[in-house]
1. Computing the accessible area with a 1.4 Å probe over protein heavy atoms, can you report the carbon and sulfur percentage for the range 117-170?
2. Just by accessible area at a 1.4 angstrom probe, what is the order of Phe161, Phe97 from largest to smallest?
3. State the dimensionless ratio Rg/Rh of the range 76-170 (Rg: radius of gyration of Cα atoms; Rh: Kirkwood radius).
4. Return the subset of Lys91/Lys116; Lys116/Lys162; Lys84/Lys142 for which the Cα-Cα distance in this structure is over 26 Å, preserving the input order.
5. Would you rank Ser63, Ser39 by solvent-accessible area, highest first, keeping every protein chain in place and using a 1.4 Å probe?
6. Heads up, I need the accessible area for Lys157: 1.4 angstrom probe, whole protein in place, Å², nearest 10.
7. What is the gain in length, in nm to one decimal, between Ser92 and Asp52 on full extension, counting 0.36 nm per residue of separation less the C-alpha to C-alpha distance?
8. Would you work out the relative contact order for the chain, in percent, from Cα pairs under 8 angstrom that are 6 or more residues apart?
Amino acid sequence: MQTRNPNVPAIPEKLSPPSVRTTLNAPRAYWRQALETESFNCIYSGCQLHPDEFELDHFIPCSFVCHDRPWNLIPVTPRVNAMKSNWLPDKSYVSAFIDSQNHWLRVWRETVTERKWHRTTEPYLMDLHLTHEALLEEDSLKEAYENVLRPLFQLAKQIGFKGNWTYQRS
């Protein structure tokens, strides 16, 4: 079924979703290490993120993609994560999301062993259809993300996910 419907993500997981959601411990550890090394700001609020005080947001909602792959996760403030919930972000955040992923990948590549780099970037390679070399090329990464995100946004909206979420300070 998945082969015949390549634009619909994770069909098997939607037909029989896992009874318990996986923890985000590994991706949190990766981002925590990056936040300890470099300064990152929340792509939605602009607030500086701290290694011990951040949440991981599924850029495309987890309830739609049914996975926790690192290419779809981005660190945000806890408040932003609660506010965004299952909304699709406004497309104005796409560039900041890709830029943050690109920056994280570069930091991660410089700080981990070859083996750990290959293990943690495998989902990027598989889902974004990139090589390890292209993964670190800004233009290649941007094009790959746009090719993956565009149809996911369209399909999620078609099946009823609310879109165009923007952060509102209150």
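The values are calculated or read from the model by the stated rules, or taken from the named source; none is laboratory data. Note that this is a predicted model, so its numbers are computed, not measured. Here Cβ is always computed from backbone atoms with ideal geometry, including for glycine, and neighbour counts include all displayed protein chains. Each accessible area value is taken on the protein alone, full model and side chains, heavy atoms only, with ligands, DNA and RNA left out. Shrake-Rupley method; radii C 1.70, N 1.55, O 1.52, S 1.80 Å.
1. Details: 1550 of 3270 Å².
Percent of accessible area from carbon and sulfur atoms in the range 117-170: 47.
2. Numbers: Phe161 45, Phe97 0 Å².
Sorted descending by solvent-accessible area, the residues read Phe161, Phe97.
3. On the way: Rg = 15.1 Å, Rh = 14.9 Å.
Reported Rg/Rh (Cα atoms, Kirkwood Rh): 1.02.
4. Beyond 26 Å: Lys91/Lys116; Lys116/Lys162.
5. Details: Ser63 60, Ser39 80 Å².
Result of the area sort, largest leading: Ser39, Ser63.
6. That residue has around 80 Å² of solvent-accessible surface.
7. Numbers: separation 40, 0.36 × 40 = 14.40 nm, distance 2.74 nm.
Result for the pair: 11.7 nm of gain on full extension.
8. Values: 182 pairs, mean separation 41.8, N = 170.
Relative contact order comes out at 25 percent.
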